[in-house]
Structure formats: C-alpha cells, structure tokens
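Worksheet: one structure, shown below.
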Amino acid sequence: MDRDAILLTPGPLTTTLRTKLAMLRDWGSWDADFNRLTADLRARLLAIVHGAESHVVVPLQGSGTFSVEAAVATVVPRDGHILVLDNGAYCKRLARLSTLMGRRTTIVPHAEDAAVSPAELDARLAADASITHVGLIHCETGTGVLNPLAAVADVCARHGRGLIVDAMSSFAALAIDAREVRFDALIAASGKCLEGVPGMGFVFIRKAVLADCEGRSQSLAMDLHDQHAYMEKTGQWRFTPPTHVVAALLEALRQFDEEGGRPARLARYTDNCRTLIDGMTALGLRPFLEPALQAPIIVTFHAPAHPRYDFRTFYEAAKRRGFILYPGKLTQVETFRVGCIGAIGRNEMRQAVAAVREAMEEMGIGRSE
Ligand SMILES: *Cc1c(COP(=O)(O)O)cnc(C)c1O
C-alpha cells in the first residue's frame, strides 16, 4: 500500500498533506518568527471558544493527559476537593491523576451507557460544601457518549464551585462558548478535532481565577500559571517547545478557518458518523449507545456475536485494506470503536465500511444476525 492507512481512532488522526508539510522546517525556540507562530496560535484558539474577554489560553508540551494533569495541579488548591462525574475510562483517568496530584477526590459513578446527571451533581454539591471543583469529560471518548456540559456548568455556577472540563475530543467540533458556559479550566490538544499532529495540549483558564493559581502546582513542569506568566513576559515557551507540532497546528488552524470553522467541522463529522452508523448497521453491527447520547466523534459497536470473531484478526484484516480501527474499552461487553474525526469525509467512511464487510467475510463471520 503506497499511502498511509486511514486512522479511525481518537488520535493521532489522519492529517492533510498541507499540515504534514508544515513540519519540514526547523524553528529556533528563541526566534521572533517562532514566537509569532505561538502568538497567532493562541489568538486563534481563544477565538474558537469566544474566550478572549474572559479566559487566557496556556499551551503545554506533551500529550493531552499532561494538560489535564497540569490543569488540576494548577487550578485546584492543594487542600481543595474535586468531584469527578464518572461515566467512562477518561473520567477514571481524571480521578486517578487528581488523586495522584494529592487532591482530595470524590468519584460519582454513572453507567457507561448514560450521560452524567446534572441533578445528581446538584444534590451532591448541596450536601457537601467542601467540594471546591467539579471535573467533567465533555465527550467521554471511551464510549463516545456526549455529556451535558451546559447543564453541568449551570449547576456549578449556581453553587459557586469551579468547573474543570476535559474537552479533548470535542473542542473545535462541538459548540463551546465561554460567554455562555462558565468554566474555570477547559482542556484540549493539538491532535484531535483541530486535526494537527499530537504533541501539545492547551488549557483555557478563566482570568478571574488565574491570579489565585500562583504556587498551587507542586510540579514545576506542570505549572500552567508559571508557563503563562513566562509566555506573557517573553512570548516564548518556558521549556523546549514542540516547534514542529506548533507549526503544524497553526497550518491546521488555517485550514479549519478555510473549511468554515467549528460549524463546518461539526457538519463533516456528523456526516461521517451518520455514514458510518448507516453502513455498519446494514452489515448487522449495532452501536453500543442510544442515538441521543452519541457524540459524532467516535462510535462504539458491539462486536459480531460469532465464535470466530477475534478483535486482533479483525483489526489486521481491516488494516490490510487501509483502515486502522480501535479496540473497545468496556469490561462488561465485547466492543470495538471507530473514530469519525480527522481529515476524512464521507468517501473514507464508505470505504471503511466496505473494508469491515470484507474483513468479516474473510473471517467467515458474514452478516451477523
Ligand atoms: C484523547 C483524550 C485525552 C488525552 O489522551 P492522550 O493520550 O494523553 O493524548 C484525554 N481525554 C479525552 C476525553 C480524550 O479523548
């Protein structure tokens, strides 16, 4: 095969040639030209959430989880108490890293095939004044379920508690407006719906809470207050920046605007998701979630109920046809996942469904009944 396989995963994603070509330059981290890239990048990111008035954006080296950990360490006081609404694997990761950061952490478990409950949050906050912050995953990528960000933010605002949102897999596709939805920190990364390459995250922090964050982080590398102060003073990253990732992300952001911005991206992903589900359903493969809960980001399917089914074999057969699938993350039921995001459209989704059909035929499991 002379082209890269299409990545139907939650990141890294398939990127455009233009984005890849933007990485063919070496930039000096100290140089004014590179500092201009960083400034342009930050302004464009803030514009996507309409956050220029209310928030700052702090980029951070590393994968998305590094930025989630940094957000918790920077925003939650050391004697703070974070309540995590848990309906999946990324929620559990948020709770685990909060615990490891030494923050008192309470988990509110929910079913994996349901959205988290603003009503239950309301009751929890009313009952426990020690809770300072709430942690929410906007789109729980473990299953693909969309959580009710606006309703959760309203509950937090009413109780005067801080909200930390992991919007890693939703940012730049699903609507998030900082003028309407109150959050203290919101986290995303280069290699998801912006269709850049992986290697950096970024955190929107509400200006009103930023000053209070000084000295809260017990980690030097993860201190977003320090990273922000240094960037404001010098225009530079505090430590070695991922220069090629920054250049690629800026190029990806230009294409994002040319495509029509966030609404256009959501429309393409929604079409990808519909094409995928229609095609897979015709093959007898059932989505795990109710349609109303499904975000157009990644779809969990029940594995074919056939004794000859095995994910590894299925994966290899789809890969030989040019498509990379993703394993399921559920413990109770056998599933696999297919991403709808990246620089791909309806044609790629149709081809992916054809590859799945052929993979099933090759395995002798045909249409599952
Ligand atoms: C991708 C993702 C992350 C970050 O994962 P990394 O592997 O660290 O990049 C965090 N939260 C959610 C919801 C994600 O989809």
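The values are calculated or read from the model by the stated rules, or taken from the named source; none is laboratory data. Worth saying up front: this structure is predicted, and the values here are computed from it rather than measured. Positions of Cβ are generated from backbone atoms using ideal geometry, with glycine treated the same way; all protein chains shown enter the neighbour counts. Side chains included, ligands, DNA and RNA excluded: accessible areas come from the protein's heavy atoms. Shrake-Rupley method; radii C 1.70, N 1.55, O 1.52, S 1.80 Å.
Key figures
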item	result
Some residue of region 130-140 being open to solvent by 10 Å² or more (accessible area, probe 1.4 Å), assigned to a loop (DSSP other than H, G, I, E, B) and touching a residue at least 60 places away in the same chain (Cβ under 8 Å)	no
Pairs with Cβ under 9 Å, 6+ apart, first in region 53-64 and assigned to a loop (DSSP other than H, G, I, E, B), second open to solvent by 10 Å² or more (accessible area, probe 1.4 Å) and modelled with pLDDT under 95	SER63/GLY11
Whichever residue in region 244-262 is in contact (Cβ under 8 Å) with a residue 12 or more places away in the chain and more than 16 Å from ARG18 (Cα to Cα) and, among such residues, is most open to solvent (accessible area, probe 1.4 Å)	ARG262
Cβ pairs under 7 Å, 6+ apart, first in region 25-42 and closer than 12 Å to THR243 by Cα, second of a type in the set (S, T, N, Q)	TRP27/THR243; SER29/GLN236; SER29/THR240; SER29/THR243; TRP30/GLN236; PHE34/THR243; ASN35/GLN236
Residue that is farthest from CYS273 (Cα to Cα), among those in region 10-33 that are buried (at least 21 other Cβ atoms within 10 Å of the Cβ) and away from the ligand (no atom under 16 Å from the Cβ)	ALA22
Selection from region 93-103 of residues that are without any contact (Cβ under 8 Å) to a residue 60 or more places away in the chain and surrounded by 17 or more Cβ atoms within 10 Å (Cβ to Cβ)	ARG93, ALA95, LEU97, SER98, ARG103
Tabulated pairs, region 193-205, first touching a residue at least 24 places away in the same chain (Cβ under 8 Å), second within 12 Å of the ligand (Cβ to nearest atom) and acidic (Asp, Glu), C-beta under 6 angstrom, 6+ apart or interchain	none
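Let's see how each residue does on (1) within 20 Å of ALA71 (Cα to Cα); (2) within 16 Å of the ligand (Cβ to nearest atom); (3) touching a strand residue (DSSP E or B) at 6+ places or on another chain (Cβ under 8 Å); (4) not in a loop (DSSP other than H, G, I, E, B):
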| site | (1), (2), (3), (4) |
| --- | --- |
| ALA175 | no, no, no, no |
| ALA178 | yes, no, yes, no |
| ARG182 | yes, no, yes, no |
| PRO198 | yes, yes, yes, no |
| ASP212 | yes, no, no, yes |
| ARG216 | yes, no, no, no |
| ARG238 | yes, no, no, no |
| ASN272 | no, no, no, yes |
